[in-house]
Amino acid sequence: MLGVDACEFGGQVLELLWLTMCYRGLMADKNELATKEEEEEEEETNLGYTPPAPKSLKEIQEQDKDDESLLKYKQMLLGDPLGAVDASLPWLQVLRIALLCDEAPEPIAMDLSDLAALKKTVVVMKEGATFRLKIYFKVNREIISGLRYHHVMKRQGISVGKKSYMIGSYGPKLEVQEFESPTDEAPKGLMSLGRYLIRSRVIDDDKNVHLQWEWNLDVKKSWV
């Protein structure tokens, strides 16, 4: 009887060790997955850019007041001083985004005022088509330094690519400002056809995420 109990006890110990090993393996996989997702969401920092020391718009406007040529240059960059600004407005408004493609049968534009609706939007693009990303935005108060666009492309939950563009540093203006990226190319080849989920965001030097959104890209053999 003692031998049977000992065997049962030994079996329970082995089962407990097995469950412990499985648990550790699952936790390791979970931690590794979380780390990978964090890495995917991190913007690419190797853009050849070193952030300047932060200064307010007022400090920049009042600096070197006796240098007429510098004053004209600052006015050209920053525009005329703004009057009272609506405090309810965000520091930066990212208004819309467009994919400029000469081959496309019609303009491809996305309104960023309704992100819930945009998440259901599917943008169709022909495989291998070349395009440029154009972002329309408005700076309302202080200067924004090192503004960047970053996105991660996923397919069936797996990251398949990411892209970062340096938009630049901008002062507040009443009018809408624009940024146009270098030429990029849509995925191509039989294995590239299908639906992609794209997670986009616009951030600055201080890691402020001014806007983040999701949209869908459908890569096809033709535009229809």
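The values are calculated or read from the model by the stated rules, or taken from the named source; none is laboratory data. Every value quoted in this text rests on a predicted model; they were computed, and no experiment measured them. Counting neighbours? That spans all protein chains shown, and the Cβs are built from the backbone with ideal geometry, glycine included. For accessibility, only protein heavy atoms count, side chains too; no ligands or nucleic acids. Shrake-Rupley method; radii C 1.70, N 1.55, O 1.52, S 1.80 Å.
Tabulated results
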{"read-out": "Some residue of region 97-113 being surrounded by 12 or more Cβ atoms within 10 Å (Cβ to Cβ), within 18 Å of the chain's Cα centre (by Cα), part of a loop (DSSP other than H, G, I, E, B) and at pLDDT 95 or above", "value": "yes"}
{"read-out": "Residue tally, condition of a type in the set (A, V, I, L, M), farther than 26 Å from Asp206 by Cβ and free of Cβ contacts under 8 Å to residues at least 24 places away in the same chain, over region 83-120", "value": "4"}
{"read-out": "Given (1) charged (D, E, K, R); (2) at pLDDT below 95; (3) under 22 Å from Ser192 (Cβ atoms), number of the condition Arg132 does not satisfy", "value": "(2)"}
{"read-out": "Residue in region 137-173 that is modelled with the lowest pLDDT, counting only those that are basic (Lys, Arg) and assigned to a loop (DSSP other than H, G, I, E, B)", "value": "Arg141"}
{"read-out": "Residue in region 148-156 that is open to solvent by 10 Å² or more (accessible area, probe 1.4 Å), free of Cβ contacts under 8 Å to residues at least 24 places away in the same chain and of a type outside the set (Asp, Glu) present", "value": "yes"}
